[in-house]
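The values are calculated or read from the model by the stated rules, or taken from the named source; none is laboratory data. All values derive from a computational prediction rather than experimental measurement. Ideal geometry is used to build each Cβ from the backbone, glycine not excepted, and the neighbour counts take in all protein chains shown.
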Amino acid sequence: MDGRMTGGLDRPIRVVFFGGPYLQPSALRFAAMLDEHPEVDLVLGLCEAEGVGFGPRLRNLWRRRGLAAVPVFALDVAADLWRRFRRPREAIALRRHVTHALSRFVTVADVHAPAVLERVRAAAPDLGVIYGAPILKPELFGVPPLGTLGIHHGRVPQYRGKKTTFWEIYNGERVAGITIQRVNPGIDTGDVVRTGEVEIGRKSFSRVWHEVEDLGCTLYLDAVLDVKRGQASFVPQDSSLPRGPLYRQPKIADILRFWMRRWQS
């Protein structure tokens, strides 16, 4: 049975944003969307990282991905430059909005440190949102009384874990999914709030990925507003569907095999 909220808030919903070691372009865009919306009050943003800028970002990628960090970082930079080249006015406007949103963000070494937990409580958020953050413990994601939402680029329960858009394309799926869920102690096992799909077809990986990100940001904001207005339905994941493996970061061999398949098809 659906878990539907009742009632709603007669004021902007107070949101705390949990981010990762660096904020990806889509995470920055989502933060700006929250900051701009009149029904949302972005009260605090937390990123667990050793610092900001090029150096910490590259070191983090290297630590997580090894040699695969080089093409991943290069693709991120190239995609960002391409977006700026294609839509310069939009990129400038986004940068302005992002700068304003980032004034509410702080970087911490340990997002679960007692002082950080106290800072979150002091911000008095109604709702938490996760975008690229490390796995949060219940003592943190349970602070907001309306819970914490997370975005997952993949269909559940078939595609859980990391980089599932890549694995959906790799496995020859027809669509790439997006899931907005209420976070619980499991990994991608929470009740579903919103879902969406992007057709894969003959599209390039970068196009599918950008479409997934764009639709994901829209669905995520809609889910936040659903909660604010008391209209959110929290639906348990469909137990009749096959539960897929917990996917991992693709290795260099996986990436090469993927591109060979795409080139030969």
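The table below gives the values:
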{"item": "In region 5-27, the residues that are under 15 Å from Phe105 (Cβ atoms), within 10 Å of the chain's Cα centre (by Cα) and not aromatic (Phe, Trp, Tyr)", "result": "Gly19, Gly20, Leu23, Gln24, Ala27"}
{"item": "Number of the condition not met by Lys228 [criteria: (1) within 19 Å of the chain's Cα centre (by Cα); (2) surrounded by 18 or more Cβ atoms within 10 Å (Cβ to Cβ)]", "result": "(1)"}
{"item": "Restricting region 173-184 to residues that are in contact with a Lys or Arg (Cβ under 9 Å, 6 or more places away or on another chain) and over 29 Å from Asp35 (Cβ atoms), the residue that is surrounded by the most Cβ atoms within 10 Å (Cβ to Cβ)", "result": "Glu173"}
{"item": "Any hit, region 205-214, residues being in contact with a helix residue (DSSP H, G or I) (Cβ under 7 Å, 6 or more places away or on another chain), more than 17 Å from Ile178 (Cα to Cα), assigned by TED's automatic domain parsing to the domain that holds Thr164 and of a type in the set (A, V, I, L, M)", "result": "no"}
{"item": "Scope region 245-265; condition of a type in the set (Val, Ile, Thr) and under 13 Å from Lys163 (Cα atoms); matching residues", "result": "Ile255"}
{"item": "Region 185-225, subset of a type in the set (Asp, Glu) and surrounded by fewer than 20 Cβ atoms within 10 Å (Cβ to Cβ), residue farthest from Ile130 (Cα to Cα)", "result": "Glu199"}
{"item": "Residues (over 24 Å from Asp191 (Cα atoms), among the charged types (D, E, K, R), at pLDDT below 90 and assigned to a loop (DSSP other than H, G, I, E, B)) located in region 1-58", "result": "Glu50"}
{"item": "Residues located in region 215-258, provided they are modelled with pLDDT of 95 or more and either acidic (Asp, Glu) or assigned by TED's automatic domain parsing to the domain that holds Leu127 (or both)", "result": "Asp222, Asp226"}
{"item": "Residue check for Gln237: over 24 Å from Pro25 (Cα atoms) and crowded, with 16+ Cβ neighbours inside 10 Å", "result": "yes"}
